[in-house]
Amino acid sequence: MSSRFPNIFFTADIAALLRIAEWRVIKFAQGAEYQIAPSHSDAAGSGTRRVYDIEDVCQIALALRLLDSGLGAKAIGEIIALLRRSGRLSDKLALSKRELKNLYLAVVRLRRTGRGYFGNRTRAAFFVSDPVQAEMDREARPPNDLMLISVGSMFNQLRDRLGNLQSERGREK
């Protein structure tokens, strides 16, 4: 968990935090293709709530950004799973504004494996701070497609909103 936002858990307030409709949160949290499940506790029947932690919030925010970039649900699920295996998204919240300004997610769609048009495509996803760096990597493997998605402002806005939420919760006590 991000040390700047320890022990922050979210229920329905996640929609307000991300400034989206609650149905979008539910769609991402419940959709099998997105593979984002509440880390703290899942709903276990009527009257119970899903409780998300900061990592879940970062995954949902990134999934929304990827959806807005034109990617489909299956691709988003694959990308989130790849990034989950390579580290914690919430660690991006500790970056400075300057570092976040130039933060991109590079999504590389590798060439088809298998036969014909319907062969499977695999993906690679990684963060870069320089678009030229991602472009050079793509040139080393020409049959691949590259999509660069600016994600720094998303993490910056999320960090600011989390700070405001933390301040509000502190005043309520």
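The values are calculated or read from the model by the stated rules, or taken from the named source; none is laboratory data. Everything numeric here is computed off the predicted structure, so don't read it as measured data. Heads up, the Cβs are rebuilt from the backbone with ideal geometry, glycines too, and the neighbour counts pull from every protein chain shown.
A compact table of results
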| item | result |
| --- | --- |
| GLN35, sole failed condition from (1) at pLDDT below 80; (2) in contact with a helix residue (DSSP H, G or I) (Cβ under 6 Å, 6 or more places away or on another chain); (3) assigned to a helix (DSSP H, G or I) | (3) |
| Some residue of the range 135-152 being in a helix (DSSP H, G or I) and at pLDDT 85 or above | yes |
| Boolean, ALA44 is at pLDDT below 75 and more than 23 Å from GLN157 (Cβ to Cβ) | yes |
| Every residue from the range 65-83 that is buried (at least 18 other Cβ atoms within 10 Å of the Cβ) and not in a loop (DSSP other than H, G, I, E, B) | ARG65, LEU66, ALA75, ILE76, GLY77, GLU78, ILE79, ILE80, LEU83 |
| Some residue of the range 88-106 being within 26 Å of SER167 (Cα to Cα), at pLDDT below 75, in a loop (DSSP other than H, G, I, E, B) and among the small types (Gly, Ala, Ser) | no |
| Hey, SER86 among the hydroxyl-bearing types (Ser, Thr, Tyr), surrounded by 16 or more Cβ atoms within 10 Å (Cβ to Cβ) and within 13 Å of the chain's Cα centre (by Cα) or not | no |
| Count of residues meeting criterion [in contact (Cβ under 8 Å) with a residue 60 or more places away in the chain and either more than 13 Å from the chain's Cα centre (by Cα) or within 13 Å of VAL57 (Cα to Cα) (or both)] in the range 147-162 | 7 |
